[in-house]
Each structure stands twice: as C-alpha cells, then as structure tokens.
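The values are calculated or read from the model by the stated rules, or taken from the named source; none is laboratory data. The model shown is predicted, which means the values in this text are computed figures rather than measured ones. Note that we place each Cβ from the backbone using ideal geometry, even for glycine, and neighbour counts take in every protein chain shown. Heads up: the accessible areas ignore ligands, DNA and RNA and are worked out on the full protein's heavy atoms, side chains in. Shrake-Rupley method; radii C 1.70, N 1.55, O 1.52, S 1.80 Å.
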Amino acid sequence: MLQVGDKVPEFTLPDQKGQMVSPSQFRGKKLVIYFYPKDNTPGCTTEACGLRDSHQQITDKNAIVLGISKDSQASHLKFIEKFSLPFTLLSDVETTTIQAFGAWGEKKMCGKTYMGIIRSTFIVNEEGIITHVFPKVNTKTHAEEVLAVL
C-alpha cells in the first residue's frame with residue numbers, strides 16, 4: 001500500500017459519465033481518493049453518504065473527492081443518482097489503479113478467503129504527494145476523520 005510521502009500514481013479512469021479523469025487534472029487542489037468494494041452495499045453506502053453529507057466542508061478545504069471501485073460506469077451512475085452523491089466515482093474494472101495504490105488484497109468473509117478491494121483512503125496534497133493514508137476505514141466515522149486531516 002502506498003505510504004505518506006509517496007507521489008500519487010498517475011492514472012486515467014472513466015467516471016460515471018464516461019469522461020476520463022486523472023489526478024493531474026486537479027493539481028493545486030487536495031484530493032480525497034477513496035477505494036471501496038461495491039456500489040449499493042451497506043458499508044459502501046454508509047461511507048459514501050458520510051462523504052456526501054460532509055462534501056461542502058471538504059470542498060471548502062480546497063479538496064476534491066474521487067471514489068474508485070471496480071464497478072461499471074452504469075453502476076456508479078445509479079449509485080450517484082440513488083443517493084445524490086455530489087462527487088465523482090471512477091470505474092477501475094481491470095483493478096490496475098486499485099492495485100497501484102495497494103488497495104487490492106486478500107480478504108476473508110464467512111470463513112472464505114478471496115481477493116478484493118481493501119477499503120482505504122488516500123489524502124493527496126496540492127502537489128500530488130500523499131499526506132495521509134487510512135488503511136482501515138470505519139464507514140460510520142470516516143468523513144469526520146477525513147475532515148480532521150484536510
């Protein structure tokens with residue numbers, strides 16, 4: 001997993017509308033890049049809605065929120081519309097960016113082991129350097145934790 005002080009990897013992924021997005025587009029702003037397992041699941045919805053409810057405070061701190069999962073653009077669009085999410089969700093179907101950040105790994109559920117997205121968040125400063133890493137996210141309190149470090 002990437003660490004504090006690392007340069008954010010350059011990537012280009014499609015958003016919910018099919019527009020290509022790269023972190024370099026946002027130089028001069030902070031980024032909140034969060035990786036989550038799946039649209040419309042309880043934990044991911046709690047996390048996204050917390051970020052939605054804190055979105056104005058986040059943008060007031062000169063930050064942009066980008067959510068990344070391996071869900072399709074269509075799935076992201078439905079998730080955004082259903083929960084009125086005011087930020088961009090990026091589709092990484094191939095998991096290339098997810099793996100580059102170290103947010104892909106072994107998970108366990110109900111006694112089964114499988115590979116999947118490790119819920120994690122990276123705060124990136126205006127120059128593209130990672131300033132904070134949340135390797136384990138509490139979906140209920142995450143938005144407050146993000147705001148505290150911005």
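So here's what we get for this one:
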{"read-out": "Value of [θ]222 nm, deg cm²/dmol, for the chain, DSSP H segments ≥ 4, -39500 (n - 2.57) each, nearest 500", "value": "-8000 deg cm²/dmol"}
{"read-out": "Alpha-carbon gyration tensor eigenvalues x 5, square-rooted, for segment 1-66, Å", "value": "20, 16, 14"}
{"read-out": "Interchain or long-range residues, amide H under 5 Å from Lys107's placed H", "value": "Tyr114, Met115, Gly116"}
{"read-out": "Most mobile listed residue (Asp53, Asp39, Asp71) in the chain, GNM with C-alpha springs under 10 Å", "value": "Asp53"}
{"read-out": "Residue-normalised accessible area of the chain, given per residue in Å² at a 1.4 Å probe", "value": "49 Å²"}
{"read-out": "Separation in nanometres of the label points that stand 7 Å from Cα toward Cβ, at Ser72 and Cys49", "value": "2.6 nm"}
{"read-out": "Average projected area [Cα convex hull, the chain], square nanometres", "value": "8.1 nm²"}
{"read-out": "Pairs beyond 19 Å (Cα-Cα), from Lys61/Lys136; Lys38/Lys108; Lys38/Lys70; Lys38/Lys107; Lys38/Lys140; Lys30/Lys140", "value": "Lys61/Lys136; Lys30/Lys140"}
{"read-out": "Accessible surface of segment 37-150, 1.4 Å probe, proportion on carbon and sulfur as whole %", "value": "53 percent"}
{"read-out": "Stretchable slack from Ser24 to Tyr114, in nm (0.36 nm times residue separation minus alpha-carbon distance)", "value": "29.1 nm"}
{"read-out": "Gain upon complete extension [Asp6, Asp60; 0.36 nm per residue less C-alpha separation]", "value": "17.0 nm"}
{"read-out": "Net charge over other residues, Cβ less than 15 angstrom from the Cβ of Ile129 (K, R count +1; D, E count -1)", "value": "0"}
{"read-out": "Amide H contacts under 5 Å for Asp92, placed H, 5+ residues apart", "value": "Ser69, Lys70, Asp71"}
{"read-out": "Per-selection Rg to Rh, segment 78-137 - Cα, Kirkwood hydrodynamic radius", "value": "1.03"}
{"read-out": "Values of log10 I(q)/I(0), in the order q = 0.25, 0.26, 0.29 Å⁻¹, for segment 28-87 under a Debye, Cα-only, solvent-free model", "value": "-1.07, -1.14, -1.32"}
{"read-out": "Most fluctuating residue given options Ala100, Ala48, Ala63, as computed from a GNM of the chain linking Cα atoms under 10 Å", "value": "Ala100"}
{"read-out": "Amide H partners (placed H, <5 Å) of Asp6, local residues excluded", "value": "Ile130"}
{"read-out": "Residue list for segment 1-15, given a label point 7 angstrom along the Cα-to-Cβ vector of Thr96 and an amide N cut-off under 11 Å", "value": "11-14"}
{"read-out": "Fluctuation leader among Gly67, Gly43, Gly18 - the chain, Gaussian network, Cα springs under 10 angstrom", "value": "Gly18"}
